[in-house]
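Each reported figure results from applying straightforward, stated rules to the coordinates on display, with no laboratory input. Keep in mind that this is a model prediction, so the values were computed, not measured. As a convention, Cβ positions derive from the backbone with ideal geometry for all residues, glycine included, and neighbour counts pool all protein chains shown.
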Amino acid sequence: MHGFANPARFLRIARWLMPLCMGGGAVLALAALGWGLFFGPAERLQGETVRIVYLHVPAAWLGMAGWMGIAAASFTELVWRHPLAGIAARACAVPGAVFTAVCLITGSLWGRPAWGTWWVWDGRLTSMLVLLFLYFGWMALSQASEAADGGQSKAPAIFGLVGAVNIPIIHYSVIWWQSQHQAPSISLGKSAMAGAFLYPLLAATLGFSLLFAGVVLARMRAILAHQQAEARLRRKALSEGF
Amino acid sequence: MTVGTAIKAKHQRLVLLVIALVVLVAAALLAAWALRNQASYFYVPSDIVANPPEETRGVRLGGMVERGSLRTEADGVTITFVVGDGKARVPVTFKGIVPSLFVEGSGVVAEGHMGVDGTFVADNLLAKHDENYVPRQMQDMSKDQAQQVMRETK
């Protein structure tokens, strides 16, 4: 892992991996959405509204995966002081928050016709909303620490790890507690979802995950470039005697 | 010397952080366990039968709408049905428009209060979708075909 401690080496790999993830993800996600939206069947009870699942489930997964990325990067930063870890965590925050918001919005749009309400305060919906607020808090904290001491502070990493307890709560909220939201349809090796829904859903999840990885790599490159530019300006200012 | 201390410091951080995380997860699990009743969105019929809530208290009742129990009263807008959870059953009455996913044999969450006669008076009904996703076309299939599809999805 410390092979990637050298940003130059990371950048060499990210340069070709990023467009690969973005392009492959965009093609796969669009194909899966087209498959599900135009060629897939309607559901027995939900009817046509079932099609929102092809956006809702990948968004829910990536909203949670984004925070798992922040937590893993925070752990790496605190234990191994890896120079890219803090950058990776910052790169995960915005796409994670966007997917969490997409999950909440698509879920609300589905809830109105399916349940008869836009929103309920059950365990699943509430814990997912908490995740969105955790993202907002984390981004504010990370920006504040960046402005104060150039990102030397450990506070965002600690927040990233502590906030990760919400992830299993989101997952088990529908199992531990009675909730309006249904129990998971897909668990390891089993699916209560017919193949006609499952396969486009898996394809969409993989496609959006690749897109997410591409966005994270792109943001890491942008943050590194920004840091290099700042360092160069500082050196230039020093050498000119300011 | 410096290499040795660097590795040692790294291990120390790793152990400290793992301990901190274990404590954190334990605290979260304890909190979730303490909330196991309070964080539920509704009571199931066996809770209601075991501990009937006062008539003035607003509660939610969730369970399955029993097949064959749904009736429309003579006024045309009041419906009655039975909500069960396999252990207990509670009769429910509701006046109003039901969500489109509200059908017999499916889940429902009723908001309201207990009436004097042991009937739950609902002010609002929410349909609950379960985790099963079945294509509409499968309804028209023969039983064997449908079971074939169901087997493939397990």
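Observations, loosely collected:
- Per residue convex hull volume, Cα atoms of region A:93-242, in Å³: 142 Å³
- FRET efficiency estimate (nearest 0.05) - Cβ-Cβ, residue A:129 to residue B:95, R0 30 angstrom: 0.40
- Pair-distance distribution P(r) for region A:1-139, from all Cα-Cα distances in 5 Å bins starting at 0: 2, 9, 14, 17, 16, 15, 11, 7, 5, 3, 1 percent.
- The GNM of chain A, with springs linking C-alpha atoms under 10 angstrom apart, assigns the highest mean-square fluctuation among A:147, A:97, A:157 to A:147.
- Computed from backbone phi, the HN-Hα couplings of region B:107-115 come to x, 8, 10, 9, 9, x, 8, 6, x Hz, rounded to whole numbers (Karplus: 6.51 cos²θ - 1.76 cosθ + 1.60, θ = phi - 60°; Gly and Pro given as x).
- The tail of the calculated P(r) for the protein assembly as shown beyond 33 Å holds 46 percent of all Cα-Cα pairs.
- Ranking of B:72, B:80 by count of other Cβ atoms within 10 Å, fewest first: B:72, B:80
- Ratio of Rg to Rh for region A:190-238: 1.48 [Cα atoms; Kirkwood radius as inverse mean 1/r over pairs].
- Legend: translational diffusion of region B:1-123 by Stokes-Einstein, Rh = Kirkwood radius over C-alpha pairs, 10 °C, 1.306 mPa s; D = 89 µm²/s.
- Normalised by the number of residues in chain A, the mean separation of alpha-carbon contacts (under 8 Å, six or more apart) gives a relative contact order of 34 percent.
- Helix-only mean residue ellipticity at 222 nm for chain A, each DSSP H run of n ≥ 4 adding -39500 (n - 2.57), per residue, nearest 500: -26500 deg cm²/dmol
- Debye intensity ratio I(q)/I(0), log10, region B:52-102, q values 0.31 Å⁻¹ (C-alpha model): -1.27
- For the pair residue A:61 and residue A:31, label points projected 7 Å from Cα toward Cβ lie 1.6 nm apart.
- Axis angle, to the nearest 10 degrees, between helix A:53-80 and the longest C-alpha principal axis of chain A: 30 degrees.
- With 0.36 nm allotted per residue and the present C-alpha distance subtracted, the residue B:104-residue B:9 stretch has 27.9 nm of extension available.
- Between 0 and 90°, nearest 10: helix A:85-115 axis offset from chain A longest Cα axis: 20 degrees
- Added length on full extension, which subtracts the Cα-Cα distance from 0.36 nm per residue, residue B:75 to residue B:20: 13.5 nm
- Inter-centroid distance (Cα atoms) of region A:75-91 relative to region A:127-202, Å: 19 Å
- In the frame of its principal axes, region B:90-136 has Cα extents of 42, 19, 13 Å, reported largest first.
- Distance violations [Cα-Cα > 29 Å] among A:236/B:8; B:87/B:128; A:190/B:10; A:190/B:87; A:236/B:10: A:236/B:8; A:190/B:10; A:236/B:10
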